[in-house]
Amino acid sequence: MIDFEYTSNHVIHMFDYDDYDVNKLLSEAYSRNYEPFIVLQDDPNSDPSWFETEKNVNMDNWSQARFFGDEEDGSDDVNNYPETARVTRHFANITGAQDIRPRYYKLSANTQVPEHIDHNTKCGINIILNDSAGPVEFVGVGQFDYRVALLNTSRLHRVPAYPQERILLKMSIMDVDFDTAKQRLVEYSEKNK
């Protein structure tokens with residue numbers, strides 16, 4: 001059952017979603033190998049807002065574990081992580097996304113993610129997996145605490161420092177925009193009351 005809390009600012013759509021096993025997702029998340037978040041200046045797909053310091057971005061405090069499916073041992077094949085795969089398929093079906101990419105992110109305690117726009121991503125569904133993770137801030141709009149939300153990652157946003165580690169499952173949606181995904185989530189909720 002999904003019970004929605006509506007926001008009219010076109011940057012975040014928070015909703016209650018409890019059809020997942022947080023312990024399984026955490027187990028899958030912690031079993032992954034993480035790499036620091038890196039954005040190179042010469043990457044033509046990079047968001048220029050990352051480079052106000054005129055340097056490559058290499059954030060050891062913000063790491064990610066993506067699913068490419070190219071490791072021989074299967075360690076990065078999402079199908080070997082059944083709860084991650086199931087939740088991702090669920091939201092792909094609801095939103096109509098043909099290109100949805102799950103990944104785990106960890107942000108170290110007392111560190112931040114600077115203002116940015118997610119490159120090549122139209123929107124994303126985040127599930128915060130730890131008990132307390134602090135807000136996301138959309139520049140010029142405000143800060144939002146959430147457990148599960150659809151985020152308009154094509155809008156400038158940041159994550160302020162918080163005293164606890166932040167770990168989340170992000171499902172990046174590459175082919176459906178925020179407003180369309182939100183509408184489809186709302187329609188799904190109405191049909192499944």
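Checking H119 against (1) in contact with a strand residue (DSSP E or B) (Cβ under 7 Å, 6 or more places away or on another chain); (2) closer than 22 Å to H10 by Cα: exactly one of these is not met. Which one?
So H119 meets the others, but not (1).
If T180 satisfies every condition in (1) crowded, with 17+ Cβ neighbours inside 10 Å; (2) touching a helix residue (DSSP H, G or I) at 6+ places or on another chain (Cβ under 9 Å) but one, which is the exception?
(1)
With the structure loaded, tell me whether T7 is open to solvent by 90 Å² or more (accessible area, probe 1.4 Å), modelled with pLDDT under 90 and among the β-branched types (V, I, T) or whether it fails that test. Quick ask: steps written out before the conclusion?
Numbers: open to solvent by 90 Å² or more (accessible area, probe 1.4 Å): no; modelled with pLDDT under 90: yes; among the β-branched types (V, I, T): yes.
When the stated conditions are applied, T7 does not pass them.
Has the range 101-114 got any residue that is assigned to a loop (DSSP other than H, G, I, E, B) and either at pLDDT 95 or above or under 12 Å from the mean Cα position of the chain (by Cα) (or both)?
Taking every residue of the range 101-114 in turn, none turns out to be assigned to a loop (DSSP other than H, G, I, E, B) and either at pLDDT 95 or above or under 12 Å from the mean Cα position of the chain (by Cα) (or both).
Name the single residue, out of those in the range 88-108 being in contact with a Lys or Arg (Cβ under 8 Å, 6 or more places away or on another chain) and open to solvent by 40 Å² or more (accessible area, probe 1.4 Å), that is nearest to P160 (Cα to Cα). Give the steps one after another, and end with the answer.
Taking the range 88-108 and keeping what is in contact with a Lys or Arg (Cβ under 8 Å, 6 or more places away or on another chain), we get 94-96, 101-107.
Narrowing the set further to residues that are open to solvent by 40 Å² or more (accessible area, probe 1.4 Å) leaves 101, 106.
Values: R101: 24, K106: 14 Å.
Only one residue tops the list, namely K106.
Checking the conditions here, which among H90, H119 is more than 12 Å from L168 (Cβ to Cβ), touching a residue at least 24 places away in the same chain (Cβ under 8 Å) and either under 11 Å from the mean Cα position of the chain (by Cα) or assigned to a loop (DSSP other than H, G, I, E, B) (or both)?
Values: H90 fails: either under 11 Å from the mean Cα position of the chain (by Cα) or assigned to a loop (DSSP other than H, G, I, E, B) (or both).
Answer to the selection: H119.
Search the range 95-113 for residues that are closer than 9 Å to M171 by Cβ and pair each with any residue that is open to solvent by less than 40 Å² (accessible area, probe 1.4 Å) and among the basic types (K, R) when their beta-carbon atoms are under 6 Å apart and the residues are at least 6 apart or on different chains.
Going by the 6 Å Cβ cut-off, the qualifying pairs are R103/K170.
How many residues does the range 66-75 contain that are within 21 Å of I167 (Cα to Cα) and either in contact (Cβ under 8 Å) with a residue 12 or more places away in the chain or in contact with a helix residue (DSSP H, G or I) (Cβ under 7 Å, 6 or more places away or on another chain) (or both)? If you could, list the steps in order and put the result at the bottom.
So the first thing to find is which residues in the range 66-75 are within 21 Å of I167 (Cα to Cα), and the list is 66-68, 75.
Checking the rest, the ones that are also either in contact (Cβ under 8 Å) with a residue 12 or more places away in the chain or in contact with a helix residue (DSSP H, G or I) (Cβ under 7 Å, 6 or more places away or on another chain) (or both) come to 66-67, 75.
Total meeting the criteria: 3.
The values are calculated or read from the model by the stated rules, or taken from the named source; none is laboratory data. The structure presented is a predicted model; accordingly, all values stated were derived computationally and were not measured. Here the Cβ is made from the backbone with ideal geometry for all residues, glycine too, and neighbour counts use every protein chain on show. Side chains included, ligands, DNA and RNA excluded: accessible areas come from the protein's heavy atoms. Shrake-Rupley method; radii C 1.70, N 1.55, O 1.52, S 1.80 Å.
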